[in-house]
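This report refers to the structure that appears directly beneath it.
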Amino acid sequence: MPFERTERALAAIRANGGRITSDRRAIIEALAEGSDHPTVEELAERVWKRNPDVNLATIYRTVELLENLGIGFHVHMGHGPSRWHLSDEVHQHLVCSVCGAVIDMPDEVLDPLREQIAATTGFVVDAHHFSLTGTCADCSNVT
Ligand SMILES: [Zn+2]
Ligand SMILES: [Zn+2]
Ligand SMILES: [Zn+2]
């Protein structure tokens, strides 16, 4: 539910001593409403439908605040600008380099790989920061 997700994020800001401004609320609502992965520019388009007065710098600062508080995070998909997520939906992204489709995949799928890397190198992989690129089923079926 977008409403519950928004309230959870706002509660986390409050718990960290942050103020809930109407700008911040509008930005978080816009981020919570979709299960897609907006860039800051796309997020701004949604925010401006609710509140045209929010400035772009505030939107950049707010997503950084969310990230610093662990409420949100960004992912890199291919060559484009980073895309934003709330932290209550961590998953891995598969990005088709032919058609650009983004397929969400449960994060646990990578657990065996993560464990093997940790066991052999001690390195802890933060896999959701980057997406995996490749070719989607539709594009690889083209003859
Ligand atoms: Zn990054
Ligand atoms: Zn494709
Ligand atoms: Zn996603």
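Throughout, read-outs are computed from the coordinates displayed, never taken from laboratory work. Keep in mind it's a predicted model, so treat the numbers as computed, not measured. Ideal geometry is used to build each Cβ from the backbone, glycine not excepted, and the neighbour counts take in all protein chains shown.
Backbone N atoms of the stretch 55-96 closer than 17 Å to the 7 Å Cα→Cβ label point of residue 22 belong to residues 55-56, 58-59. Compactness ratio for the chain: Cα radius of gyration over 2.2 N^0.38 Å (N = residue count) comes to 1.17. Placing +1 on each Lys and Arg Cβ and -1 on each Asp and Glu Cβ, with no other charges, gives the chain a dipole about its Cα centre of roughly 500 debye.
Which residue, chosen from 100, 30, 110, occupies the Cα position most advanced towards the positive end of the dipole of the chain, where the dipole is computed from +1 (Lys, Arg) and -1 (Asp, Glu) charges on Cβ about the Cα centre? Going by the Cα projections, it comes out as 30. In this structure, residue 61 and residue 124 have a Cβ-Cβ separation that, at R0 = 30 Å, corresponds to a calculated FRET efficiency of about 0.55.
Where does helix 56-68 land angle-wise versus the long Cα axis of the chain, in degrees 0 to 90, nearest 10? Relative to the chain, helix 56-68 is tipped by roughly 60 degrees.
Applying the Karplus relation 6.51 cos²θ - 1.76 cosθ + 1.60 with θ = phi - 60° to the stretch 15-24 yields 3J(HN,Hα) values of 4, 9, x, x, 8, 9, 8, 5, 4, 4 Hz, where x marks Gly and Pro. When only alpha carbons are used to place a centre, the stretch 1-70 and the stretch 126-140 end up 27 Å from one another. When the chain is treated as a GNM with alpha-carbon contacts under 10 Å, the residue of 21, 120, 58 showing the greatest mean-square fluctuation is 120.
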